[in-house]
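Asker: One structure follows; several queries about it will come next.
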Amino acid sequence: MKKGILAVISGFSGAGKGTIMKELIKRYDYFLSVSATTRRPRDGEVDGKDYYFHTKEEFQQMIDRGELVEWAEYVGNFYGTPKKRVEEQLNQGRDVLLEIEMQGGMLVKQQFPDSLLIFISPPSAEVLKERLAGRGTESPEEIERRLQRAAEEVKYMKDYDYIIVNDDLEDAINKVNDLIRYDHYKACNSAHLIKKMEQEISTFAARKGE
Ligand code: ADP
Ligand code: 5GP
């Protein structure tokens, strides 16, 4: 059966993941999974669109009921991927994007070995700091915590299938889109073509000696 591919997109806070994801779903027919979180909404964030905002108790219940593909703690809050929609969309053949941090990324790879892991990197640490501050959504203390977390996250870069540098935004969007398209082609079309040729070519063997 034709299934969509599961693409995990990770990167340090401020690298530009959210910006790239927004453009990808605007331009193409990808399904971007909406995560559950216990963090408070930022100005302008909408429940059910940007995140499903929950209390810690509600989040714990989702874990207990097995409703999350993966979850992780990130600078004092919990974040997790709801299972139902992701499975539905993959089964319908739609490519699904998960914009999640790296511990979650590793858990997804364990459960879905065929998933595609893409790491979005800033061109430099200095640029990362500037972007995080320039976004203006976190306090200086929160920015500091996120930069500390980035220092711990560097070790995961090597575990990703591809690292895309987000310097020129348009270039980064196109590269991420290309990687997903190629992986979709590899996963779906190759399997289909192999099956088709196996069936067709086997008729030659069956006709041997005719
Ligand atoms: P993340 O989701 O990885 O935490 P964001 O997408 O929120 O990061 O981006 C952080 C900030 O950097 C935002 O203000 C965004 O507009 C800006 N930004 C993203 N990509 C680029 C880029 N290629 N060049 C310059 N600024 C960028
Ligand atoms: P933010 O608070 O900036 O929206 O997100 C903080 C971090 O949590 C980012 O690295 C983001 O990718 C990650 N994140 C968002 N949703 C999920 C999720 O469902 N699971 C995991 N593991 N991380 C997530």
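Asker: Could you tell me what percent of the accessible area of region 8-132 is made up of carbon and sulfur, with a 1.4 Å probe and every protein chain present?
Answerer: 48
Asker: While we're here: Measuring with a 1.4 Å probe in the full set of protein chains, what accessible area per residue, in whole Å², belongs to the chain?
Answerer: It amounts to 58 Å² per residue over the chain.
Asker: Let me check something: with ligands and nucleic acids excluded, how do K83, K208 order by accessible area (1.4 Å probe), largest to smallest?
Answerer: Result, largest first: K208, K83.
Asker: Treating the beta-carbon of each Lys and Arg as +1 and of each Asp and Glu as -1, no other charges, what is the dipole magnitude of region 153-210 about its Cα centre, to the nearest 20 debye?
Answerer: Approximately 560 debye in magnitude.
Asker: Still on this structure, please answer the following. Quick one: divide the alpha-carbon radius of gyration of the chain by 2.2 N^0.38 Å and tell me what you get.
Answerer: Compactness ratio reported: 1.19.
Asker: Can you order the peptides 40-48, 19-27 by their average number of other Cβ atoms within 10 Å per residue, highest first?
Answerer: Final packing ranking: 19-27, 40-48.
Asker: Mind scanning K22/K196; K17/K195; K3/K195; K83/K186; K83/K195; K49/K83 and naming the pairs with a C-alpha gap bigger than 27 Å?
Answerer: Beyond 27 Å between Cα atoms: K22/K196; K17/K195; K83/K195.
Asker: Any idea of F204's accessible area? Nearest 10 Å², probe 1.4 Å.
Answerer: Approximately 130 Å² of F204 is accessible to the 1.4 Å probe.
Asker: Another question, then. For H192, what accessible area in Å² do you get when you roll a 1.4 Å probe over the heavy atoms of the protein chains, rounding to the nearest 10?
Answerer: Solvent-accessible area, nearest 10 Å²: 120 Å².
Asker: Moving on to the next point. Which order do M106, M62 take by accessible area at a 1.4 Å probe, largest first?
Answerer: Largest to smallest exposure gives the sequence M106, M62.
Asker: Can you tell me the Rg and Dmax of region 39-78, counting just the alpha carbons, in angstroms?
Answerer: In order Rg, Dmax, the Cα atoms of region 39-78 give 10.8, 31 Å.
Asker: Quick one: length gained pulling E142 to T55 fully straight, 0.36 nm per residue minus the C-alpha distance?
Answerer: The span from E142 to T55 would gain 29.3 nm if fully extended.
Asker: A further question on this structure: Quote the accessible area belonging to S115 in square angstrom, nearest 10, computed with a 1.4 Å probe and with ligands, DNA and RNA left uncounted.
Answerer: 10
Asker: OK, next. Taking region 166-210 as the region of interest, what is the percent of Cα-Cα pairs per 10 angstrom bin, listed from the shortest bin to the one with the maximum distance?
Answerer: Binned Cα distances yield the sequence 23, 25, 20, 15, 10, 5, 1.
The values are calculated or read from the model by the stated rules, or taken from the named source; none is laboratory data. Bear in mind the structure is a predicted one, so any value in this text is a computation, not a measurement. Here the Cβ is made from the backbone with ideal geometry for all residues, glycine too, and neighbour counts use every protein chain on show. SASA here: full protein model, heavy atoms, side chains in, ligands and nucleic acids out. Shrake-Rupley method; radii C 1.70, N 1.55, O 1.52, S 1.80 Å.
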